[in-house]
1. Which count do you get for residues in region 40-53 that are open to solvent by 70 Å² or more (accessible area, probe 1.4 Å) and of a type outside the set (D, E, K, R)?
2. Touching a Ser or Thr at 6+ places or on another chain (Cβ under 6 Å) and either among the small types (G, A, S) or more than 16 Å from ligand 2 (Cβ to nearest atom) (or both) - does that describe any residue in region 227-249?
3. Quick check on my filter: what residues within region 63-106 are within 13 Å of ligand 1 (Cβ to nearest atom) and of a type in the set (A, V, I, L, M)?
4. Please verify whether region 111-120 includes one or more residues that are without any contact (Cβ under 8 Å) to a residue 24 or more places away in the chain, surrounded by fewer than 23 Cβ atoms within 10 Å (Cβ to Cβ), within 30 Å of D188 (Cα to Cα) and away from ligand 2 (no atom under 16 Å from the Cβ).
5. Only helices (runs of 4 or more DSSP H) wholly contained in region 159-278 count here; list those with 1 or more residues that are of a type in the set (V, I, T) and surrounded by 21 or more Cβ atoms within 10 Å (Cβ to Cβ).
6. State which residue is modelled with the lowest pLDDT when the search covers only region 165-206 and only residues that are away from ligand 1 (no atom under 16 Å from the Cβ) and in contact with a Phe, Trp or Tyr (Cβ under 6 Å, 6 or more places away or on another chain).
7. Do we have R88 as basic (K, R) and under 20 Å from the mean Cα position of the chain (by Cα) here?
Amino acid sequence: MSSSEATRTAPTPAPRPGTDARQAGSIRLDRVVHGYGRGGEAVTAVGPVDLTVPAGEFLVLVGASGCGKSTLLRLIAGFERPTGGSVRVGGAEPRPGAAAGVVFQTPRLFPWRTVRGNIDLALRYAGVERARRASRRAELLARVGLEGTERRRVWEISGGQQQRVAIARALAAENPLLLLDEPFAALDALTRERLQEDVRRMSERTGRTTVFVTHSADEAVFLGSRIIVLTRGPGTVAMDLPVPLPRGDVDAEALRNSAEFAELRAHVSHAVKTAAAA
Ligand code: ADP
Ligand code: MG
C-alpha cells in the first residue's frame, strides 16, 4: 500500500436505505445456536452466543479448530440462518452477498482471468456503473498495494497477491462489514505480517466493522481492538477482551516487540488453550 494512501480520505461505506449510517455496520447476536444435519445426524456447531459489536470495531474470533468460528462468520454474512436465536446486521437480518464482503482462507478467484477481470466482476456484481468502474478499480488496487498488476492472470501472481485481490474484491461492494476467515493461514510469515499491517490500517481508514477469524493468539492481539475467545465446539464465549494497544498510525515493528504486546499474547494464548481443554 502506498504512503500517499494515508492522506486520502476513506470512502464511506454506503448504508442500506432505511438504516442509520452509524449503525449500518453493527452486529447483534442473541442466543445464537447453529447446527448441521437432522435427526440422529444432527450436530450443534456453535452456541449459544450473545454478542454485540458496535459499528467500526475490529473484532477477532479465536478458538480451536472445529469450535464454530467459520459457522459464526457464515451466520453474520447471512450465508446461513441460525437454527436458534437471531442475527442482526445494522438492525436487520443479513442478506447473503449484500451484508458483508467476505475473504476466505483460500482466495477463490477466477484463475484464468486477470486481476482486473476479477475486480471488475465484483464491481459489476456490486452494481457499480461501467463509467465508475475504472476509477474504483484503481482505488481498490492501490488500497491493497496491487498497482500495476491489473493485466496479470491470477495464476501468474503469488499467494499473497492473490489474497490481496480477494481483499480488494471484498471491499468492492462498499458494504459496512468486512469478514475474514483465516485469510493468511496459508501464507509465509513475512507476507502474513505485511498483510496484517495492511488490514489493520485499512479497517481504520474505511471505518468498516471487521470480524476476523484466526487460531493464532499473535495475529489476534496484533489485529483486534477486541478479542473473543471461544470454547471448544459447540463454541460459546469464553473470554471477551478489549485490546488496549494503540491504533492509528503505529510503528508495527515496535508494537510487536513491546512488553504490552507480549503480555497480551501470553494471556490470549493461555485463554485459548484453557478454553479448548474445558
Ligand atoms: P471452525 O471454523 O472453528 O474450525 P466450523 O464452524 O467450521 O469450525 O465447524 C464447527 C463444527 O460444525 C465442526 O464440528 C464441523 O465439523 C461442523 N460443520 C461445519 N460445517 C458443516 C457442514 N456444512 N455440515 C456439517 N457439519 C459441519
Ligand atoms: Mg474455520
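1. The first filter runs over region 40-53 and keeps only residues open to solvent by 70 Å² or more (accessible area, probe 1.4 Å), leaving 40-41, 43-44, 50, 52.
Checking the rest, the ones that are also of a type outside the set (D, E, K, R) come to 40, 43-44, 52.
So the answer is 4.
2. At the first step, the residues of region 227-249 found to be touching a Ser or Thr at 6+ places or on another chain (Cβ under 6 Å) are 234, 238, 243.
With the extra rule that they be either among the small types (G, A, S) or more than 16 Å from ligand 2 (Cβ to nearest atom) (or both), the set shrinks to 238, 243.
Yes, that holds for at least one residue.
3. Keep residues of region 63-106 that are within 13 Å of ligand 1 (Cβ to nearest atom), which gives 63-77, 79-80, 82-83, 104-105.
Within region 63-106, A64, L72, L73, L75, I76, A77 meet the criteria.
4. Of region 111-120, the ones without any contact (Cβ under 8 Å) to a residue 24 or more places away in the chain are 117, 120.
Retained after the next criterion (residues that are surrounded by fewer than 23 Cβ atoms within 10 Å (Cβ to Cβ)): 117, 120.
Those left that are additionally within 30 Å of D188 (Cα to Cα): 117, 120.
Among the residues that remain, those that are also away from ligand 2 (no atom under 16 Å from the Cβ) are: 117, 120.
Within region 111-120 (the criterion being without any contact (Cβ under 8 Å) to a residue 24 or more places away in the chain, surrounded by fewer than 23 Cβ atoms within 10 Å (Cβ to Cβ), within 30 Å of D188 (Cα to Cα) and away from ligand 2 (no atom under 16 Å from the Cβ)), the answer is yes, since at least one residue qualifies.
5. Details: elements: 159-172, 189-206, 217-223, 252-256, 259-277.
Here the list reads 159-172, 189-206, 217-223, 259-277.
6. Of the residues in region 165-206, the ones away from ligand 1 (no atom under 16 Å from the Cβ) are 165-178, 187-206.
So of that shortlist, the ones also in contact with a Phe, Trp or Tyr (Cβ under 6 Å, 6 or more places away or on another chain) come out as 192, 195-196, 203.
On the way: R192: 87, L195: 87, Q196: 91, S203: 83.
In this case the residue turns out to be S203.
7. Details: basic (K, R): yes; under 20 Å from the mean Cα position of the chain (by Cα): yes.
So R88 fits the description; yes.
Matching residues to (1) modelled with pLDDT of 95 or more; (2) open to solvent by 40 Å² or more (accessible area, probe 1.4 Å):
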position: I27; (1), (2): yes, no
position: G37; (1), (2): no, yes
position: V60; (1), (2): yes, no
position: G66; (1), (2): no, yes
position: S86; (1), (2): yes, no
position: A98; (1), (2): no, no
position: V103; (1), (2): no, no
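The values are calculated or read from the model by the stated rules, or taken from the named source; none is laboratory data. Note that the structure is predicted; figures quoted are calculated from it, not measured. Neighbour counts run over all protein chains shown; Cβ positions are idealised from the backbone, glycine included. We work out accessible area using only protein heavy atoms, side chains counted, and drop any ligands, DNA or RNA first. Shrake-Rupley method; radii C 1.70, N 1.55, O 1.52, S 1.80 Å.
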